1. Choose one answer from V60, V72, V37: the residue with the largest mean-square fluctuation in a GNM of the chain with alpha-carbon springs under 10 Å.
2. Helix-only estimate, please: 222 nm mean residue ellipticity of the chain, summing -39500 (n - 2.57) across DSSP H runs of length 4 or more and dividing by its residues, to the nearest 500.
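Every number here is computed from the coordinates shown, using simple stated rules; none is lab data. No experiment lies behind these values; they were computed from the predicted model shown.
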Amino acid sequence: MIYIDKKVEQYIGLIVAETARPEHTSHIRPGTPADVVAIREASETRAVSLNRSYVTPEDVKASARQLLRDRVLAQAATRHEDVGPDAMLERILDAVAVP
């Protein structure tokens, strides 16, 4: 069994909620409850692959980067050629305080 602290669980929800903020919706499709579940499961899998029995905020960030990348809107990425999908996701991740 993989331990995930309640603060880390809340962190996942806050990241997904951040995608729905008006300043981001022109760049990324808002996340869904399914994204919360997917990020949690991917974070647990990452922790196991690193031989840990607990999830860290870095596991969450790494999983969110992978799973939310496809939500970045293509036209936004081409409009902002100097700011690619990864940079857009970093802005979202940086907007949420790490527990």
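1. Comparing V60, V72, V37 in the GNM, the peak value goes to V37.
2. -18000 deg cm²/dmol
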